[in-house]
Amino acid sequence: EPPCRQQLRHLQDSAGIAARLPPRLEGRWVSTGCEVRPGPEFLTRSYLFYTNRLFKALQFYYWDPSCRDPSYSLVIKGKLRLRQASWITRGATEADYHLHKVGIVFHSPRAMREVASRINQTSGEGCGGFLPPGRSWAPGALYEVLSAKTERDCTAALGFAMHELSLVRVERHFQPLLQPQQSGSRLVEELYLGDIHTDWGERLHYRPTGYQRPLQSALHHVHPCPACGIISRADEHHPPILPARAALPMQLSGSWVSTHCEVRPAVLFLTRYFTFHGNNHTWEGHYYHYSDPLCRQPTFTIYASGHYSQGIPSSKVRGGTELAFKVTQARVTPMDQVTVLMLNSSEPGSCGLAGSWSAGVEQDITATNGCLALGIKLPHTEYELFKTEQDTQERSLLYIGERPTDGSSPDSPDKRPTSYQAPLIQCAAASEEFSNYISLKYVGRKDANGTEALKPLPVAFLLFIALLFPRWD
């Protein structure tokens, strides 16, 4: 069977993933490569959690998207207390954290000048004289930017917050050993922490509902991972310098599919599957939405297609390519009764043929210019950021721009993303593209009497139904 279909089935079987509630955090967790945050900011992270709830987190910032040219490092010390399971983001645990101190080490005079001027400009009392003028750069000197004791906090100018610690999930799965002479598998543990808001102004008070790229256990990580060892051995005075990687030309043609069940802020769980036809610049995308964090309970599927522009190198995010995507056609398949109810009660003319939706049956929504209830507008242009990379096993990865955290669409050039979503993996080259539509089977659970049992409803739909029927009189 085609590898794309295999990968989608593998995702639906959740590939043997286990997630404990509450999660166990003790130990060191590291980035598996250079991470891009909105801004853009390029960084690597190394977080150490102790058994007594204390933690020490290292964040290493860089000038470049390969994480080879460090600018400064942050040392963050504090305490973390796990609380209850999150009722907003299913599968996550909420946590409270308290910062004791944050220190900064500059790796060049330029970094020191830039950060000092940002702090001196934007901070209130107590931070104005963060670095006295004329104070020269000293390699290895640690400057305090936050102290709980003295109640000094100069971190706002850095766009720094640790709200990522307020949402936590740990996943465990087994990686099959690649070498033919080895049998068995290796434990992999991943730590998902809360997402960073795409709007710089919002990130200081945003409470995460999605995740950022996971950290992996320094002991139990995917192999090979050249970056893992380098990052776990680093400290604030010796930031990790990642191995040089060849820059790849942007090769979009072919088919690409999610590597795991993805979580978006505002609590959407989905997997994605795209095909790009380089010869005529058309594209097709399948978005499979679910109500659970392992992508086992389908809610609806969107198929969209259109064309895309010639890419140009991004001036804002080095290593990225800017594209414009035009969405001209779309079809929707509701996969559970809740979605059917929602679509059938939507305003006539706003989403396909009102009142005619049924589970597992696809409908074209092009004629109604999209589907208001699902937030789809047609025709529609999105201003995108892409990059392709090879992973350590020489497989091609495609990174597509991160969606705005507020749920809006990057429908104007100034809303173009400056960071990326989880990567897609290439599952078919241009020559093997297959256009037949991969559909998920509609699964209605039958209860003992043979009538269909409704699945638990996701919070978003409960809210939607509450808004739909505000009064029962």
Within region 159-188, which residues are closer than 30 Å to Tyr72 by Cβ and free of Cβ contacts under 8 Å to residues at least 60 places away in the same chain? Ala161, His163, Glu164
Restricting attention to region 396-411, which residues are part of a loop (DSSP other than H, G, I, E, B) and either farther than 23 Å from Thr259 by Cβ or in contact with a strand residue (DSSP E or B) (Cβ under 8 Å, 6 or more places away or on another chain) (or both)? Glu402, Arg403, Asp406, Gly407, Ser408, Ser409, Pro410, Asp411
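Residues checked against (1) surrounded by fewer than 21 Cβ atoms within 10 Å (Cβ to Cβ); (2) outside the structural domain of Glu144 (by the TED database):
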{"position": "Asp13", "(1), (2)": "yes, yes"}
{"position": "Leu25", "(1), (2)": "no, no"}
{"position": "Arg28", "(1), (2)": "yes, no"}
{"position": "Arg37", "(1), (2)": "no, no"}
{"position": "Phe42", "(1), (2)": "no, no"}
{"position": "Gln59", "(1), (2)": "no, no"}
{"position": "Pro65", "(1), (2)": "yes, no"}
{"position": "Ser71", "(1), (2)": "no, no"}
{"position": "Leu74", "(1), (2)": "no, no"}
Residue within region 165-173 that is in contact with a helix residue (DSSP H, G or I) (Cβ under 8 Å, 6 or more places away or on another chain) and either open to solvent by less than 10 Å² (accessible area, probe 1.4 Å) or not in a helix (DSSP H, G or I) (or both) present: yes
Can you tell me which residues in region 227-264 are assigned to a helix (DSSP H, G or I) and among the charged types (D, E, K, R)? Arg233
Quick one: in region 83-104, of everything that is part of a strand (DSSP E or B) and touching a residue at least 60 places away in the same chain (Cβ under 8 Å), which residue is farthest from Ala156 (Cα to Cα)? Ala85
Which condition number does Val317 fail, the rest of (1) at pLDDT below 95; (2) surrounded by fewer than 22 Cβ atoms within 10 Å (Cβ to Cβ); (3) within 21 Å of the chain's Cα centre (by Cα); (4) aliphatic (A, V, I, L, M) being met? (2)
Can you name every residue in region 83-116 that is open to solvent by 50 Å² or more (accessible area, probe 1.4 Å), out of contact with any Lys or Arg (no Cβ under 6 Å at 6 or more places or on another chain) and within 21 Å of Leu204 (Cα to Cα)? Ile88, Tyr97, Glu114
Given the conditions (1) open to solvent by 30 Å² or more (accessible area, probe 1.4 Å); (2) over 30 Å from Gln393 (Cα atoms); (3) modelled with pLDDT of 90 or more, and given that Pro133 satisfies all but one, which numbered condition is not satisfied? (3)
I'd like to check something: does region 143-150 contain any residue that is among the charged types (D, E, K, R), modelled with pLDDT of 90 or more and surrounded by 13 or more Cβ atoms within 10 Å (Cβ to Cβ)? yes
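The values are calculated or read from the model by the stated rules, or taken from the named source; none is laboratory data. This is a predicted model, so every value here is computed, not measured. Here Cβ is always computed from backbone atoms with ideal geometry, including for glycine, and neighbour counts include all displayed protein chains. Remember, those area values only see protein heavy atoms, side chains included, never the ligands or the DNA or RNA. Shrake-Rupley method; radii C 1.70, N 1.55, O 1.52, S 1.80 Å.
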